[in-house]
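Quick note: the coordinates plus some simple rules give every number you see, no bench work behind them. Small disclaimer: the values here were computed from a predicted structure and weren't measured. Because the Cβ atoms are built from the backbone with ideal geometry, glycine has one as well, and the counts that use them run over all protein chains shown.
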């Protein structure tokens, strides 16, 4: 039996000796997009003692709902809490993981490789995605990671397992659901201009919109409430302010 000498060892003991606390063959991976100043990034972990990058992920306790597990895992792996998470897919290719990577990481912590260990079995992953203002959060690496950093969505480093596919699918889902989910992401202040809203759309969708067409589209969705004129400059030039009508969004 392992004797804990630091918090990391306590976590290792739970994984190694208390594997029956977790649901077998099922895991969660989180794709966290960061938006700020017309930039879209993805939060990645650089694994300890390995030149590898991965999405924040983990395992589900027997007594947990999957949504609860997603929030807990994200908090444990990155320090992020109170994040709006949305399930976007299930990933179950039979060859999606590689035990050589697990072996490398565990042996670096002094744990011998056991081919019958529960974590080496086939795992199906539930994908969750989130979108946050990355200037408003402070990611913190967990005890199994050297770094927890934002990476530009267009120039990601090589990722562990099938995590590149998860990022790709999460981005597809985000773009498809943006009209309906934007209010939940809390990216904009309570009141915002149509130009600020258009900037969010153009960054995430990676395309430009004609101003009047964009405004017509957004107003047709019925999720915006016009508030007042924005002060500053001549009154004839001041843009309207809007907020989300949460009763309709």
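Take each peptide in 210-222, 134-146, count the other Cβ atoms within 10 Å of every residue, and average; sorted highest first, the result is 134-146, 210-222. Mean separation of Cα pairs under 8 Å and 6 or more residues apart, divided by the residue count, gives the chain a relative contact order of 22 percent. Estimated from the Cβ-Cβ distance and a Förster radius of 30 angstrom, the FRET efficiency linking residue 179 and residue 67 is about 0.85. Computed from Cα positions, the angle between helix 194-205 and the longest principal axis of the chain comes to roughly 40 degrees.
Here the simple spin-label model places points 7 Å from the Cα toward Cβ, and for residue 122 and residue 135 these points are separated by 4.7 nm.
Tell me the angle of helix 7-17 to the major Cα principal axis of the chain, expressed in degrees between 0 and 90 and rounded to the nearest ten. Helix 7-17 sits at roughly 60 degrees to that axis. Give the angle, between 0 and 90 degrees and rounded to the nearest 10, that separates the Cα long axis of helix 211-220 from the longest principal axis of the Cα atoms of the chain. Computed tilt is about 80 degrees.
Label-to-label distance for residue 113 and residue 49 is 1.3 nm, based on points extended 7 Å past Cα in the beta-carbon direction. Distance between the C-alpha centres of the stretch 100-139 and the stretch 37-90: 10 Å, rounded to the whole angstrom.
Counted over the stretch 7-185, the DSSP beta bridges are approximately 65% antiparallel.
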